[in-house]
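**Q** Shown below is the structure under consideration.
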Amino acid sequence: MSVIVKNLTKIYGSQKAVNDISFEAKKGEVLGFLGPNGAGKTTTMKIISCYIPQTGGEAMVCGHDVGEDPIEVRRKIGYLPEHNPLYKEMYVKEYLNFISKVHKVGNAKSRISDLIEMTGLGREQGKKISQLSKGYRQRVGLAQAMLHDPEVLILDEPTSGLDPNQLVEIRSLIKQLGKEKTVIFSTHIMQEVQAICDRVVIINQGNLVADDPIERLQEKVRGEISVSVEFVEKIEKATLSKISGVQSIRKGDKNQWFLTSKDGVDLRPEIFKFAIDKKLTLIELHKELSSVEDVFTKLTKN
């Protein structure tokens, strides 16, 4: 595993910002790291990135302990913090050249050129960072995080301030990077989680409340299963209520219905049997998954 967090704890005075959490992130995976404001996400990312020490537990990056070998950990990590710190009086290329010297990047000129193209900074590369929009500053921050070709990328709200076109480009880039690196990705935009992430870790009030692939998370959290069904024929609600296991019924468009069961019972076999018995023609029958936003709300509701 590229990143291993075990029983990690961070205490500020009487407040436990992070409370004994454990999770892992592997190479070739984009891990969505989610939680409401104040949940402990940024604190955890700062510990993994060696910006602040933990109170208890441990964090390992590519086999190196963040407390015992922070220099080596920093070599392995590219970090884009939530509040992107940049030297605003520097020009874009000047800044990236400076960062390349900090990391002792070989063939820096070629690497900077590649990253400028990769992050869509071509038209802005001759400007001072202070002249850039927030979205382009985020791109500069992303470029500096990737400059030394780290094995692990930790991105805290990387798409903040991007316009819709920029969002598509940066999401695609992060997804591509996730095929060969370990990416820990924090966001409040739930559509991004479904578009980018392979797995999701959710923390709430410092506690880990979920660690699952998105599909399994949706299955686990939902206490009821909703099935969308549509027939060619018109059918009455009262007739559908006779299907075994149905808890509630809601009308959709035209001849579409949403049937809900409880206790995780899948209604599809009973609906199929019902259609055969009634000689009805099914044109749609599938489970309705809860959205990541639904899951997030249920798990972090105080």
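The values are calculated or read from the model by the stated rules, or taken from the named source; none is laboratory data. This structure is a prediction, so every number in the text was calculated from the model and none was measured. Cβ sites come from the backbone with ideal geometry, for glycine too, and all protein chains shown count toward neighbours.
**Q** What's the total number of residues in segment 171-208 that are modelled with pLDDT of 85 or more and more than 21 Å from residue 24 (Cα to Cα)?
**A** The number of residues fulfilling the criteria is 3.
**Q** Show the residue pairs that are 6+ apart or on different chains and have beta-carbon atoms under 7 Å apart, the first residue being within segment 123-146 and in the same structural domain as residue 78 (by TED's automatic domain parsing) and over 19 Å from residue 100 (Cβ atoms), the second being modelled with pLDDT under 90 and among the charged types (D, E, K, R).
**A** Sorted first by the residue in segment 123-146, then by its partner, the pairs are 135/163.
**Q** Regarding segment 161-181, can at least one residue be identified that is in a strand (DSSP E or B) and either among the aliphatic types (A, V, I, L, M) or crowded, with 18+ Cβ neighbours inside 10 Å (or both)?
**A** No: segment 161-181 contains no residue that is in a strand (DSSP E or B) and either among the aliphatic types (A, V, I, L, M) or crowded, with 18+ Cβ neighbours inside 10 Å (or both).
**Q** Let me ask something additional. How do the pairs read when you match residues in segment 253-269 that are at positive phi with residues anywhere that are of a type outside the set (Ser, Thr, Tyr) and modelled with pLDDT of 90 or more, using Cβ under 8 Å and keeping only pairs 6 or more apart or on different chains?
**A** Close Cβ pairs (under 8 Å, with a partner that is of a type outside the set (Ser, Thr, Tyr) and modelled with pLDDT of 90 or more) amount to 254/230.
**Q** While we're on this one: Is there any pair with a first residue in segment 45-62 that is outside the structural domain of residue 185 (by TED's automatic domain parsing) and crowded, with 18+ Cβ neighbours inside 10 Å and a second that is in a loop (DSSP other than H, G, I, E, B) and aliphatic (A, V, I, L, M) whose Cβ atoms are under 7 Å apart and which are 6 or more apart or on different chains, and what are they?
**A** none
**Q** For segment 70-91, name all the residues that are over 19 Å from residue 155 (Cβ atoms) and part of a helix (DSSP H, G or I).
**A** Correct list: 70, 71, 72.
**Q** Could you list, ordered by first residue, the pairs with Cβ atoms under 8 Å in which the first is in segment 230-241 and in contact (Cβ under 8 Å) with a residue 40 or more places away in the chain and within 16 Å of residue 258 (Cβ to Cβ) and the second is in a loop (DSSP other than H, G, I, E, B) and among the small types (Gly, Ala, Ser), at least 6 apart or interchain?
**A** 230/252
**Q** Same structure again: Let me confirm something: among 117, 151, which residue is at pLDDT 90 or above, more than 21 Å from residue 83 (Cβ to Cβ) and in contact with a strand residue (DSSP E or B) (Cβ under 8 Å, 6 or more places away or on another chain)?
**A** Of 117, 151, the one residue that is at pLDDT 90 or above, more than 21 Å from residue 83 (Cβ to Cβ) and in contact with a strand residue (DSSP E or B) (Cβ under 8 Å, 6 or more places away or on another chain) is 151.
**Q** Which condition from (1) at pLDDT below 90; (2) within 14 Å of residue 170 (Cβ to Cβ) is the one that residue 137 breaks?
**A** For residue 137, the failing item is (1).
**Q** Mind checking whether some residue in segment 6-16 is touching a helix residue (DSSP H, G or I) at 6+ places or on another chain (Cβ under 8 Å) and either at pLDDT below 95 or closer than 28 Å to residue 140 by Cβ (or both)?
**A** Among the residues of segment 6-16, not one is touching a helix residue (DSSP H, G or I) at 6+ places or on another chain (Cβ under 8 Å) and either at pLDDT below 95 or closer than 28 Å to residue 140 by Cβ (or both), which makes the answer no.
**Q** Checking residue 226 against (1) more than 23 Å from the chain's Cα centre (by Cα); (2) modelled with pLDDT of 90 or more, which test does it fail?
**A** (2)
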